[in-house]
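Student: Have a look at the structure that comes next, please.
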Amino acid sequence: MHYQHHLDNSPSPLPAGKVVCVGRNYAEHAKELNNPVPEEPLLFIKPSTALVDMRQPIELRGDRGPVHYETELAILIGQPLTRAQPEQVEAAIAGVGLGLDLTLRERQSLLKKQGHPWEIAKAFDGSCPLSPFVPFAAIRDIGDCRLQLEVDGELRQNGSSAEMLTPVVALIVYISQHFSLLPGDVVLTGTPAGVGVLEPGMQLRLRLDRVLELQTSVCHSASN
């Protein structure tokens, strides 16, 4: 997996790193899954092996059960961050894009019920399709940028970073207190309401403000 620049599709020199994700960062999403709103960011990690190019078809394995989509604002880190201050975070953002946090919802629910970690449901190979990245400077306002997902022409997710419980910069500051972020790491910032199940044959269209738009599809895995 190589990160791509949106404008010219040139590869980024940054290596593919870990993905630090935040759960329940939109109150309406927490509500739709009957989850309590956390008092501080709820973090989990996907490894670099979760990363795939979102523009390629999303492959579903038949032995995993239902796979849910969660559209998220993705932040590419370009400088090391440890116990960072807000101004350091802003200087370290190398790009902004979209990610899909693919989730095995039935497995996640069972793991949560048992009090076990979520990694099997969240960190499997291919569980983080990423778009190309646009420069941070191309984003009008990181605190109020809109992300949308259409499935077969129907708008399913439509949210703004202004609705986040913990805003982008404050979220990365918080993450850096617990995990050092390195060049090539990605932060997924939470999903708005409207998540649902992926099915083979679906056509997806994703948008970030007016700076990024792409299409992808869903198919059976060739290994099925």
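Student: Explain nothing, just the number: dipole magnitude of region 159-224 about its Cα centre with +1 on each Lys and Arg Cβ and -1 on each Asp and Glu Cβ, in debye rounded to the nearest 20.
Tutor: That gives a dipole near 80 debye.
Student: Related question: Work through the residues other than residue 127 whose Cβ is under 9 Å from its Cβ and net out their charges, Lys, Arg +1 and Asp, Glu -1.
Tutor: Residues close to residue 127 contribute a combined charge of 0.
Student: Calculate what fraction, in whole %, of the accessible area of region 5-115 sits on carbon and sulfur atoms when a 1.4 Å probe is rolled over the protein chains.
Tutor: 50 percent
Student: How many nm separate the modelled label positions at residue 90 and residue 210, each set 7 Å beyond the Cα in the direction of the Cβ?
Tutor: Placing both labels 7 Å along Cα→Cβ, they lie 2.3 nm apart.
Student: I've got another one for you. Taking K and R as +1 and D and E as -1, what net charge do the other residues with C-beta under 11 Å from the C-beta of residue 155 add up to?
Tutor: Its environment carries a net charge of 0.
Student: Excluding residues fewer than 8 places away in the same chain, name every one of the aspartates and glutamates whose C-alpha is closer than 14 Å to that of residue 18.
Tutor: Counting by Cα, and skipping residues close in sequence, residue 18 has these aspartates and glutamates nearby: 101, 119, 125, 185.
Student: A further question follows. Determine the distance separating the Cα centre of region 162-224 from the Cα centre of region 102-125; give it in Å without decimals.
Tutor: Centre-to-centre distance over Cα atoms comes out at 17 Å.
Student: Sorted by mean Cβ packing within 10 Å, highest first, what order do the peptides 165-177, 71-83 take?
Tutor: By packing density, highest mean first, the sequence is 71-83, 165-177.
Student: For the chain, what does -39500 (n - 2.57) per DSSP helix run (n ≥ 4), summed and divided by total residues, give at 222 nm, in deg cm²/dmol to the nearest 500?
Tutor: -4500 deg cm²/dmol
Student: Taking the Cβ of residue 145 as the centre, find all other residues whose Cβ is under 15 Å away and add up their charges (Lys, Arg: +1; Asp, Glu: -1).
Tutor: Summing Lys and Arg as +1 and Asp and Glu as -1 gives -3.
Student: In debye to the nearest 20, how big a dipole does the chain give about its Cα centre with +1 on each Lys and Arg Cβ and -1 on each Asp and Glu Cβ?
Tutor: Roughly 380 debye for the chain.
Student: Another question, then. If you count only protein heavy atoms with a 1.4 Å probe, what accessible area per residue comes out for the chain, rounded to a whole Å²?
Tutor: Normalised by residue count, the accessible surface of the chain is 46 Å².
Student: Residues in region 50-65, backbone N under 18 Å from the label point at residue 116 (7 Å along the Cα-to-beta-carbon vector): list them, ranges by number please.
Tutor: 63-65
Student: Sticking with this structure for a sec: For region 176-224, run through the trypsin sites (Lys or Arg not before Pro) and keep only the ones in DSSP coil with at most 15 other Cβ atoms within 10 Å of their Cβ.
Tutor: Filter output for region 176-224: 210.
Student: Here is a follow-up. Can you tell me the FRET efficiency between residue 150 and residue 125 if r is taken as the Cβ-Cβ distance and R0 is 22 Å, rounded to the nearest 0.05?
Tutor: The calculated FRET efficiency here is 0.25.
The values are calculated or read from the model by the stated rules, or taken from the named source; none is laboratory data. As the structure is a prediction and not an experimental result, all values here were calculated from the model. In this analysis, Cβ positions are derived from the backbone assuming ideal geometry, glycine residues included, and neighbour counts consider all displayed protein chains. Areas reflect the complete protein model, heavy atoms only, side chains present, ligands, DNA and RNA absent. Shrake-Rupley method; radii C 1.70, N 1.55, O 1.52, S 1.80 Å.
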